[in-house]
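Take a look at the structure set out below.
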Amino acid sequence: MIYKYIYKTPKGFSNIIMNSDGENLTGLWFEGSRDTSKHVVECEERDLKIFRDTSKWLEIYFSGKNPNFTPKYKIENITPFRKEVIDIMNTISFGKTLTYSDISKIIAKNRRLEKMSSQAVGGASVVVIYNFSQRQLI
C-alpha cells in the first residue's frame, strides 16, 4: 500500500508531497511540479512516523540548518548510472553546490573517459529533497 502526506512549506515555496510504503519514504516532490506524473498521487493520506521524521528534517533544512539525520528512504528500479550520480551527490557538503557539469567530470574521470554528458547527469539525478542528501545542485 502507498500512502501520502502533504508538507506545508514556508512561504515562497510550493508544498511538498511525500509517498511512503508505510515504512520508507518512496517519493517526494513539490506540489504542481512536472514530476507529479512519476508519483502515486491518488492514495490514502496518513500520518506515519516516516512522514513525521521527514517533516522534522525539512523544518531543520528550511530553517537554514544542517539536519544531523537522514529519514529512511528507498529508491526503486535504480540504474547503476543513477546510483553513481546519487553517490556523488551524497559527497557534497551541506550548503555547497555542484553543477551537473561538475558531476559529469567526476564520472568521466572515474570511468577514464574523456568526457561525460552533463545532460545525462541531470536526467539521472535525484533532486536534493528526494534523496535527502542535504546538497544543492545548480
Exactly one condition in (1) surrounded by 15 or more Cβ atoms within 10 Å (Cβ to Cβ); (2) touching a strand residue (DSSP E or B) at 6+ places or on another chain (Cβ under 6 Å); (3) within 21 Å of Gly122 (Cα to Cα) is false for Lys4; which is it? (3)
Qualifying positions in region 55-94 - in contact with a Lys or Arg (Cβ under 9 Å, 6 or more places away or on another chain) and among the β-branched types (Val, Ile, Thr): Ile75, Thr91, Ile92
Name every residue in region 89-109 that is closer than 24 Å to Met18 by Cα and surrounded by 14 or more Cβ atoms within 10 Å (Cβ to Cβ), in order of residue number. Met89, Ile92
When every residue in region 28-66 that is surrounded by 14 or more Cβ atoms within 10 Å (Cβ to Cβ) and touching an Asp or Glu at 6+ places or on another chain (Cβ under 9 Å) is compared, the one modelled with the lowest pLDDT is Trp29
Filter result (touching a residue at least 40 places away in the same chain (Cβ under 8 Å), farther than 17 Å from Ile75 by Cβ and in a loop (DSSP other than H, G, I, E, B)) within region 1-42: Met1, Thr9, Pro10, Phe13
Contacts under 6 angstrom Cβ, first residue in region 89-109 being part of a loop (DSSP other than H, G, I, E, B), partner of a type outside the set (Lys, Arg) and surrounded by fewer than 16 Cβ atoms within 10 Å (Cβ to Cβ), 6 or more apart: Phe94/Asn66; Thr99/Ile138
All positions within region 67-85 that are assigned to a loop (DSSP other than H, G, I, E, B) and either of a type outside the set (Val, Ile, Thr) or modelled with pLDDT of 90 or more (or both): Pro67, Asn68, Phe69, Pro71, Lys72, Lys74, Glu76, Asn77
Arg112: passes all of (1) modelled with pLDDT of 85 or more; (2) of a type outside the set (Asp, Glu); (3) surrounded by 13 or more Cβ atoms within 10 Å (Cβ to Cβ) but (3)
In region 55-70, what count of residues is obtained for those that are out of contact with any helix residue (DSSP H, G or I) (no Cβ under 9 Å at 6 or more places or on another chain) and touching a residue at least 24 places away in the same chain (Cβ under 8 Å)? 3
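The values are calculated or read from the model by the stated rules, or taken from the named source; none is laboratory data. All figures in this text were calculated on a predicted structure; none of them were measured in a lab. Every residue, glycine among them, receives a Cβ derived from its backbone with ideal geometry; neighbour counts consider all protein chains shown.
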